[in-house]
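Colleague: Structure in structure tokens, see below.
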Amino acid sequence: MGLLSLLRKLKRSDKEVRILFLGLDNAGKTSILKRLADEDISEIRPTQGFNIKTVQKDGFKMNVWDIGGQKAIRPYWRNYFESTDILVYVIDSSDRIRIEETGIEFNTLLEENKLAGVPVLVFANKQDLPTALPASEIAFGLNLHAIRDRQWQIQACSAKNGDGIQEGMEWALKTNK
Amino acid sequence: MVYCKCCGCITCFRCFESDKKKSDGIVFLTIGINNTGKTTFLHRMMNDKVEEPTPTWGFTTETVKFKKRNITLYDVGGSPSIRGIWVNYYAETYGIIFFIDVSDEECITQSKEILETILKDEKLKDKPILIFANKVDKIEKFEYMETYNKLNIESLISQGITSVNKILLYPCSSLLINKERDPRIDSGLEWLITRVNDDRSYIENKVKNDTKKQNREFILEQEEKQKRVEEYKKLRAQQEVDQKQQEQLVSNTTNNEEIPLISKDKSKSRSVRSVKVYPEEILPSPE
Amino acid sequence: MNNITEDIILDKYVYSSSFILKVYKIIKYVLGKLSNSSELLRICQNEKLRETKITYRIDQILFYSDKLKTERMKLLNGTKEQLEEAYEQILRKKKFYDNNTEKTAEAKVLMKCILRLKETYELQDILTKKANIAYDSNNQEHEDKLMELWTLLKGDEKLNSRKSEQWQTIGFQGVDPATDFRGMGILGLEQLIYFAQNFNDTAKHILSCSHHKYSWYSFAITGINLTALELDLLRERHLQYYLISHEASIESFNEFYCYLFTEFNNFWFKRPEPVTVMHFNEVFKSFKEKIISNLTNQSPIIVDTEKKKY
């Protein structure tokens, strides 16, 4: 066995991180996940159940669980809380009618024991649309300023053109100790 | 609803169960324009090696050990559009750590205006403020009086917004110096903690009262919101019922009209086994 | 060897393994040298095979051929002239000329088959274009189609308003189906309508199955996923035999969709362990494998209209 292969073996293996993607249906969770994995997003279909992907980037091995957001599936969300390192909550910034609904779901999540203290990244998605609310307004709408028991970050993004996604995940990974 | 364990009130922000909260009780809020080094400072207090954190667009909290006591730090984003959240943390903080980037003139100018605004907030009255003139490593020589004047600190004191013993301008660098935290940071913090302890009971009472008031306002706001949501839902349900009634009315008054056509079922059991073979010109008929 | 299974054997064992394919090509080469012919020529000369089988074999030969790569590109993407060019080149390369005399009979067979294959290639483009037409709530035609789907499945039940929770009863996610079509666009809707129109009883039966207490799933969403699956099968060339033997048309494609839906419903409820909606993707993956296996074995494609109770 050569020196090079020996060195490769000694190299520290990637740090594993378990990430949970939640949010209402049509928020853009699967599109963001595919963007992360550098996959095509032109033929996305609605998620029934959940998707799992492992993405390796910058020394991290991200195990991402993307759970469907339709109302009938939300009761199943709690089955996936265990051992989550980072919670990523995705919001359709242009869906003004459902901002309160998503706010309620979000704050309900924060009260879950199994998610206690887990840092949360809020993706204010679909910023490419003209009707999108700015991230700051969404932050106020969700009462993010009332959170004291965990770190949070809000990131404006667009899965359509890829903006903001890398930045958001960078925060998430750097935050995770 | 989460009941607070220390004072029994509903949702006391400070008392969420978390082992980070085993502190001496002192909370400091770090604010300032974006890119002035607030989060890097937080990492210095956590004693790690991070020197280039991602821009904060949210909130981070850490309870750190400093000279045998535990202090809780709140680090919030400073970009123009997220600055609006700063006010939400004033009630709980015992003192302010304000950051400026001395290598950036524009930053100093903006900070001057911001300082005046925030210190006028009732919730920050009589609380000490430490201004870290950060990034001194980027300039040749830090001119203390020059910066002091640029920030109009004298004016703030004369206006009564703050007092001479409650405000301090201190140079520092949140980058590692010889792999260690800049000792000036420690000195600055020492000053801040001493000022808090000089007036400890007053500040603690103020924090307690302001926080309680903030909680009550928050709860009221939530109840209002909840009411709005309920009303909206009722309205929607009523609209659906109304629409249904209207349609029944219409259908009752029209004469026997044909029920909307459903496309006739073309077949009972269709098999796609039937093979459509092209006319076999060349080959003999199939076997 | 029984010709009905020769192409199946080729699909299952030869084309699926790069090693065995190499061996097979060597054998063909030797055979070709000895008999001064080519596999392509021999297929076109075979009078025992039906045109469907010949066309299918030609499609496979073209796909796996190293020498005919450019010609195949021209067939796939080219104009009529390019198709003719490619045709001429294939005739020359694959020994369709005997001392400069064209073997007319075989050449005609080849041309006929190539034209049929061209239809299957063009179908991919047509369907992709359809899938790329996003559902548009401002397009009256689209809206009419959506209402048609409602009526087909729900009959007399009136929809309270355009945006209503009632859409969830036919398996859309929220109050507005428009957002569920996503990448499948108008194609997703049209396939659902085709199914509900042509197999109305069956579609309604499957809809009621989907409301199972424990193993429920969303009818419309599943349909959209099936449209995506079918497009994948088409692009991965698993539908070639089906399209050649039935017709390379949208109707054919839609008939196959109906087959997929009924097969899925049976597959879902016949899982060894009881499933919930959260197992959907896992089950769907196994389902895809089963369908591919059925297609490779050229099993008859029959829409199961029996109303089984689950």
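Colleague: In the list C:PHE19, C:PHE63, which residue meets the criterion of being under 27 Å from the mean Cα position of the chain (by Cα) and at pLDDT 85 or above?
Modeller: Of the residues listed, the single one that is under 27 Å from the mean Cα position of the chain (by Cα) and at pLDDT 85 or above is C:PHE63.
Colleague: Working carefully through the options C:TYR97, C:TYR87, C:TYR121, C:TYR64, find the one that is closer than 30 Å to C:ILE224 by Cβ and aromatic (Phe, Trp, Tyr).
Modeller: Details: C:TYR97 fails: closer than 30 Å to C:ILE224 by Cβ; C:TYR87 fails: closer than 30 Å to C:ILE224 by Cβ; C:TYR64 fails: closer than 30 Å to C:ILE224 by Cβ.
That would be C:TYR121, the only listed residue that is closer than 30 Å to C:ILE224 by Cβ and aromatic (Phe, Trp, Tyr).
Colleague: Could I ask something else about it? Which ones in region A:138-167 are at the interface with chain B (Cβ under 10 Å from one of its Cβ atoms) and touching a residue at least 60 places away in the same chain (Cβ under 8 Å)?
Modeller: The answer is A:ALA156, and nothing else.
Colleague: Scan region A:75-113 residue by residue and report those that are aliphatic (A, V, I, L, M) and assigned to a helix (DSSP H, G or I). Outline the logic, then answer.
Modeller: Let us first name the residues in region A:75-113 that are aliphatic (A, V, I, L, M), namely A:86-88, A:90-91, A:97, A:99, A:104, A:109-110.
Once the filter is applied, which keeps residues that are aliphatic (A, V, I, L, M) and assigned to a helix (DSSP H, G or I), region A:75-113 yields A:ILE97, A:ILE99, A:ILE104, A:LEU109, A:LEU110.
Colleague: Just checking, which of C:ILE133, C:ILE126, C:ILE58 is among the hydrophobic types (A, V, I, L, M, F, W, C) and assigned to a loop (DSSP other than H, G, I, E, B)?
Modeller: Within the list C:ILE133, C:ILE126, C:ILE58, the selection yields C:ILE133.
Colleague: Taking region A:25-46 as the search range and keeping residues that are within 16 Å of the chain's Cα centre (by Cα) and over 23 Å from A:ALA132 (Cα atoms), which one is farthest from the other protein chains (Cβ to nearest Cβ)?
Modeller: A:ASP38
Colleague: Among the residues of region C:237-270, which ones are without any contact (Cβ under 8 Å) to a residue 24 or more places away in the chain, away from chain B (no Cβ under 12 Å) and either closer than 30 Å to C:ILE61 by Cβ or not hydrophobic (A, V, I, L, M, F, W, C) (or both)?
Modeller: C:LYS270
Colleague: Of all residues in region C:168-202 being surrounded by fewer than 24 Cβ atoms within 10 Å (Cβ to Cβ) and small (Gly, Ala, Ser), which is nearest to the other protein chains (Cβ to nearest Cβ)?
Modeller: Looking at residues that are surrounded by fewer than 24 Cβ atoms within 10 Å (Cβ to Cβ) and small (Gly, Ala, Ser), I get C:GLY183.
Colleague: Restricting attention to region A:114-137, which residues are part of a loop (DSSP other than H, G, I, E, B), more than 12 Å from chain B (Cβ to nearest Cβ) and crowded, with 17+ Cβ neighbours inside 10 Å? Steps first, please.
Modeller: Looking only at region A:114-137, we keep the residues that are part of a loop (DSSP other than H, G, I, E, B), and these are A:116-119, A:126-134.
Checking which are more than 12 Å from chain B (Cβ to nearest Cβ) leaves us with A:126-132.
Once the filter is applied, which keeps residues that are part of a loop (DSSP other than H, G, I, E, B), more than 12 Å from chain B (Cβ to nearest Cβ) and crowded, with 17+ Cβ neighbours inside 10 Å, region A:114-137 yields A:LYS126, A:GLN127, A:ALA132.
Colleague: Restricting to region A:37-70, name every residue that is touching a residue at least 40 places away in the same chain (Cβ under 8 Å) and surrounded by 23 or more Cβ atoms within 10 Å (Cβ to Cβ).
Modeller: Matches in region A:37-70: A:MET62, A:ASP66, A:GLY68, A:GLY69.
Colleague: Sticking with this one: Please specify each residue of region B:73-93 satisfying the condition of being of a type in the set (D, E, K, R) and either assigned to a strand (DSSP E or B) or crowded, with 23+ Cβ neighbours inside 10 Å (or both).
Modeller: Within region B:73-93, just B:ASP75 meets the criteria.
Colleague: So in region B:38-71, with the set limited to residues that are among the polar types (S, T, N, Q) and within 16 Å of the chain's Cα centre (by Cα), which one is farthest from the other protein chains (Cβ to nearest Cβ)?
Modeller: That would be B:THR39.
Colleague: For C:LEU233, are the conditions met, namely being among the aliphatic types (A, V, I, L, M), more than 9 Å from every other protein chain (Cβ to nearest Cβ) and in contact (Cβ under 8 Å) with a residue 60 or more places away in the chain?
Modeller: Here the answer is yes, as C:LEU233 does meet what is asked.
Colleague: Would you check if there is a residue in region A:66-83 being away from chain C (no Cβ under 14 Å) and within 20 Å of A:TRP171 (Cβ to Cβ)?
Modeller: no
Colleague: Oh, and also: The conditions are (1) more than 13 Å from every other protein chain (Cβ to nearest Cβ); (2) within 20 Å of B:GLN222 (Cβ to Cβ); (3) of a type in the set (S, T, N, Q), and A:THR102 fails exactly one of them. Which is it?
Modeller: It is condition (1) that A:THR102 fails.
Colleague: Can you pull out the residues in region C:227-274 that are over 23 Å from C:LEU189 (Cα atoms) and of a type in the set (Gly, Ala, Ser)?
Modeller: Answer for region C:227-274, where residues must be over 23 Å from C:LEU189 (Cα atoms) and of a type in the set (Gly, Ala, Ser): just C:SER245.
Colleague: What are the residues in region C:68-122 that are within 14 Å of another protein chain (Cβ to nearest Cβ), under 27 Å from C:SER249 (Cβ atoms) and over 25 Å from the mean Cα position of the chain (by Cα), if any?
Modeller: C:ALA107, C:LYS108 - these are the residues of region C:68-122 that are within 14 Å of another protein chain (Cβ to nearest Cβ), under 27 Å from C:SER249 (Cβ atoms) and over 25 Å from the mean Cα position of the chain (by Cα).
Colleague: What's the number of the condition A:PRO75 fails, among (1) farther than 25 Å from A:GLN127 by Cα; (2) within 15 Å of the chain's Cα centre (by Cα)?
Modeller: (2)
Colleague: Also, I was wondering about something else. Is there a residue in region B:160-175 that is charged (D, E, K, R) and either within 20 Å of B:THR36 (Cβ to Cβ) or loosely packed, with under 15 Cβ neighbours inside 10 Å (or both)?
Modeller: no
Colleague: Is it the case, given these coordinates, that C:LEU152 is within 28 Å of C:THR227 (Cα to Cα), within 13 Å of chain B (Cβ to nearest Cβ) and in contact (Cβ under 8 Å) with a residue 40 or more places away in the chain?
Modeller: When the stated conditions are applied, C:LEU152 passes them.
Colleague: Still on this structure, I have one more. Taking C:ILE61 as meeting all but one of (1) loosely packed, with under 15 Cβ neighbours inside 10 Å; (2) closer than 26 Å to C:ASN297 by Cβ; (3) without any contact (Cβ under 8 Å) to a residue 24 or more places away in the chain, write down the number of the exception.
Modeller: Failed condition: (1).
Colleague: Sticking with this one: Outside the structural domain of C:ARG237 (by the TED database), part of a loop (DSSP other than H, G, I, E, B) and among the hydrophobic types (A, V, I, L, M, F, W, C): which single residue out of C:LEU110, C:LEU31, C:LEU83, C:LEU49 fits that description?
Modeller: Numbers: C:LEU110 fails: part of a loop (DSSP other than H, G, I, E, B); C:LEU31 fails: part of a loop (DSSP other than H, G, I, E, B); C:LEU83 fails: part of a loop (DSSP other than H, G, I, E, B).
Every option except C:LEU49 fails the conditions.
Colleague: Could we say that B:THR54 is surrounded by fewer than 23 Cβ atoms within 10 Å (Cβ to Cβ), β-branched (Val, Ile, Thr) and assigned to a loop (DSSP other than H, G, I, E, B) here?
Modeller: Answer is yes for this residue.
The values are calculated or read from the model by the stated rules, or taken from the named source; none is laboratory data. The structure displayed is predicted, hence computed values, not measured ones. When we count neighbours, we look across all protein chains shown, and the Cβ atoms used for this are built from the backbone with ideal geometry, even at glycine.
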